[in-house]
């Protein structure tokens, strides 16, 4: 295993200027923004069940870090899933403009943010927002979901602001505390320039719509600060400075993510100058949608190395407290288009967090290409079974974790 990085600033190809300015000032002209932002900008989601999310994750060698996901059309919202299923049964012939509001992505803008300390999740929020402001034009390098914002700056870094009401699990049930605010002010520095790699995230569902996986910045450095403040007591409960290796991708689809899908797994492992990202889907009646499964190795100074439809094996199955199975070991192997053999072995050695439909695992991975030094690093594996959100008890628990925030709420406007 490669030794942990002690100073992540050493990995940057330029002398960094770490700033804590708000993420709102891009300083970028429209033409430059369009060339850098074409696939990162929001897409037109005009089909029932459509969704889009922007994902950032960074964890350091001590297990301190964050996970941020901004959603337009929260694909894990039980009401959204129920409305889409209702539409498929009764209203599928209606024009989009005449469809019920509940089947439209614009009704479910949301943000999820989690903080990890020592390898354990110590705080999280899942907030849903009432739409009131127009989304930025597609040539504006700015993503806004409620009070949360991601901006592409002129130097190629991402400015990130996140803020929301956290929830805790009390006696097995989510409980929201509006006296507390979890917030972050971060900068994500891609460590090497890369054209976003775009591939399917899963096979087309019953309606034939596409699902795209934009691996926009597979390797970078996240720097900034995270705070959890109890305003009733006037004291900070978490004040975490962060400097860690990070990863960013972006997913969008033009129909429900769960439609025709049994299980979804994806994740990444990274070292000092590389990242291996992978994805695996399974549908009822078939072990895999093999035409979309993939493994991609990103290296500084090289084109992505892609293995399509790798052979896949799960071992050492374990179960969470939610009775959701996950593999302790995953093996993938196959060949690139040029005939290079690749083997990728993942050991999922710890549960970072779990819910009724989702498990996040800390991973150790080794990617081997004959004749080269193995790539060994750390990362994460996500295991998701969205069909569970249709179960009444589990959907109710998920709804309890979601806090609805209106535009006049102080956490939105402060």
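Bear in mind that the values in this text are calculations on the coordinates, not laboratory data. The structure displayed is predicted, hence computed values, not measured ones. A quick note on method: Cβ atoms are made from the backbone with ideal geometry, for glycine too, and the neighbour counts reach across all protein chains shown.
For the stretch 300-348, the relative contact order is 33 percent, taking Cα pairs closer than 8 Å that sit 6 or more residues apart in sequence and dividing their mean separation by the residue count. Note on residue 413 and residue 225: with the Förster distance fixed at 22 Å, the Cβ-Cβ geometry gives a FRET efficiency of about 0.55.
Across all directions, the average projected area of the convex hull around the alpha carbons of the chain is 20.2 nm².
For the chain, what's the relative contact order in percent, using C-alpha pairs closer than 8 Å and at least 6 residues apart? Present the calculation step by step, with values, prior to reporting the outcome.
Details: 1041 pairs, mean separation 64.5, N = 414.
Relative contact order for the chain comes out at 16 percent.
Simple spin-label estimate for residue 169 and residue 117 gives 1.9 nm between the two label positions (7 Å along the Cα-to-Cβ direction from each Cα).
What ranking, highest mean first, results for peptides 205-216, 262-273, 392-403 when packing means the other Cβ atoms within 10 Å averaged over each residue? Walk me through the numbers on the way to the answer.
On the way: 205-216: 17.9, 262-273: 20.7, 392-403: 16.4.
Taking the mean over residues of other Cβ atoms within 10 Å, the ranking is 262-273, 205-216, 392-403.
Taking every DSSP helix (H) stretch of at least 4 residues in the chain, weighting each as -39,500 (n - 2.57) and dividing the sum by the residue count yields a mean residue ellipticity at 222 nm of -2500 deg cm²/dmol. In percent, rounded to a whole number, the relative contact order of the stretch 264-354 is 17, using alpha-carbon pairs under 8 Å and six or more apart. Computing FRET efficiency as 1/(1 + (r/R0)^6) for residue 38 and residue 338, where r is the C-beta to C-beta distance and R0 is 25 Å, gives about 0.35.
A straight chain from residue 106 to residue 390 at 0.36 nm per residue would run longer than the Cα-Cα distance by 100.1 nm.
One Cα centroid belongs to the stretch 344-383, the other to the stretch 59-128; the line between them spans 24 Å. Placing a label point 7 Å from the Cα of residue 321 along the Cα-to-Cβ line, the residues of the stretch 170-201 whose backbone N sits under 14 Å from it are 170-175.
Write down, largest first, the equivalent ellipsoid semi-axes of the stretch 263-384 in whole Å, where each equals the square root of 5 times an eigenvalue of the alpha-carbon gyration tensor. Spell out each step's value before the answer.
On the way: eigenvalues 121, 57, 26 Å².
Working through the eigenvalues yields semi-axes of 25, 17, 11 Å.
Here the calculated FRET efficiency for residue 309 and residue 351, from their Cβ-Cβ distance with R0 = 25 Å, stands at 0.30, rounded to the nearest 0.05.
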